[in-house]
Amino acid sequence: MIFTVGHYLAERLTQIGLKHHFAVTGDCNLVLLDQLLTHGGMKQIYSCNELTCSLSAEGYARVNGAAAAVITFGADAISALNGIREAYAENLPVILISGTPNTRDPRSDLAPLRQIGMVRHITVAAEIITSAETAPAQIDHVIRTALREKKPAYLEIACHIADQPCVRPSPVSSLCSHPTSDLESLNAAVDESLCFLEKRNRIVILVGSKLPAAEALENTTELADGLGCSITVVSAAKSLFPEEHPAFQSIYWDEVSNPRTEKIIHEADGIITLAPVWNDYSSVGWQNLIHGENVLEINPDRVTVNNRTFNGFCLKDFVREIAHRSQGRPASSKEDYQPWFFPLTTPMTNDETTRQSNIRRRSFPRGTQAEDEMPWQPQRLMATTSS
């Protein structure tokens with residue numbers, strides 16, 4: 001079997017761990033879809049329209065870390081941008097792939113229909129493939145950038161290129177390598193943060209929703225064990241920290257919190273915020289943003305502490321160093337918290353009116369994943385449990 005451009009794309013997507021891709025069939029992507037099928041590395045899941053295709057890929061990326069959606073050229077493709085917009089907001093590497101007309105077709109250069117101009121505003125990489133010779137480098141650039149930045153990316157593949165012969169890909173390690181942290185900046189940020197922590201007794205960790213994109217969930221547990229302090233999560237970070245952990249103290253949501261959790265945050269003399277997203281919802285109408293001199297702000301791209309800001313290193317590297325070098329601060333963890341756990345057989349789908357009591361005010365057993373899209377669209381929350 002001749003190895004083609006479509007096979008190269010399928011091989012790369014399979015290498016990064018995808019077992020499925022989502023598709024809407026159309027004149028300009030039929031050849032590409034055939035090539036993805038003949039490769040055999042992924043199952044093709046069909047959608048009824050571009051909107052559901054992109055939203056399906058966005059949900060798949062939440063659970064599996066990345067996703068791919070294949071659409072066709074035309075006005076209907078614009079609706080796929082809704083799912084890509086959500087993926088951009090939620091730091092999800094969704095690869096949107098569109099078939100396009102044959103480059104010899106006079107219609108192929110119609111500027112009003114050029115999708116890439118719109119997609120570039122909500123992706124970190126976008127390429128138009130019109131040559132089998134340049135396709136491998138362009139595909140690699142799009143996938144590598146999406147994985148590194150944890151954002152969506154876009155590929156256009158001309159319909160007559162998808163089945164053209166192509167070289168085979170190199171090992172996937174060339175796509176999945178991470179940038180190296182600048183050690184001088186990392187050490188300076190850690191030293192300043194340790195000075196901040198040494199002067200405080202009642203420290204609390206507030207876990208945010210961008211931790212999965214920063215690949216720092218395990219490091220957060222190490223930090224919690226090292227400091228021994230109380231741990232809370234923002235509403236959108238439900239289930240990101242193990243709720244059976246002895247120091248876990250439920251969701252912090254300002255006045256919506258239970259009184260015990262609200263008291264822990266308000267009485268703390270040091271708060272470590274780990275990659276939260278502050279908006280009108282998480283701050284209860286902008287009433288209580290967690291900032292100021294008593295806050296160590298740890299974000300995916302920088303750390304702010306003692307009126308100084310540091311960048312040039314990975315969040316997980318910073319959290320790991322703090323966990324290894326800090327001393328325990330258990331004062332705030334003495335609050336008594338007895339979680340109520342869902343039985344593993346309890347259904348956990350919810351409508352808007354029951355979500356507050358059925359999801360947010362209950363504790364999940366290990367293995368449960370809650371997904372929250374409230375900041376970006378009409379509110380919905382989904383929880384699944386694996387036994």
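Points worth noting:
- Test: residue in the stretch 80-100 that is modelled with pLDDT under 95, farther than 30 Å from Asp301 by Cβ, under 22 Å from the mean Cα position of the chain (by Cα) and not β-branched (Val, Ile, Thr): no
- Residue selected from the stretch 127-155 under the condition within 19 Å of the chain's Cα centre (by Cα) and surrounded by fewer than 22 Cβ atoms within 10 Å (Cβ to Cβ), by the criterion farthest from Val5 (Cα to Cα): Glu149
- Phe241 satisfies every condition listed in (1) assigned to a loop (DSSP other than H, G, I, E, B); (2) at negative phi; (3) surrounded by fewer than 20 Cβ atoms within 10 Å (Cβ to Cβ) except (3).
- Single match in Ala236, Ala224, Ala213 (criterion: touching a Lys or Arg at 6+ places or on another chain (Cβ under 8 Å), small (Gly, Ala, Ser) and part of a helix (DSSP H, G or I)): Ala213
- Among the residues listed as Leu217, Leu274, Leu206, Leu227, the single one being modelled with pLDDT under 90 and within 28 Å of Arg62 (Cβ to Cβ): Leu217
- Of all the residues in the stretch 122-172, those that are of a type in the set (Asp, Glu) and either in a strand (DSSP E or B) or in contact with a Phe, Trp or Tyr (Cβ under 7 Å, 6 or more places away or on another chain) (or both) number 2.
- Of the residues contained in the stretch 242-253, one or more are found to be closer than 21 Å to Ala213 by Cβ and aliphatic (A, V, I, L, M).
The values are calculated or read from the model by the stated rules, or taken from the named source; none is laboratory data. All figures in this text were calculated on a predicted structure; none of them were measured in a lab. In this analysis, Cβ positions are derived from the backbone assuming ideal geometry, glycine residues included, and neighbour counts consider all displayed protein chains.
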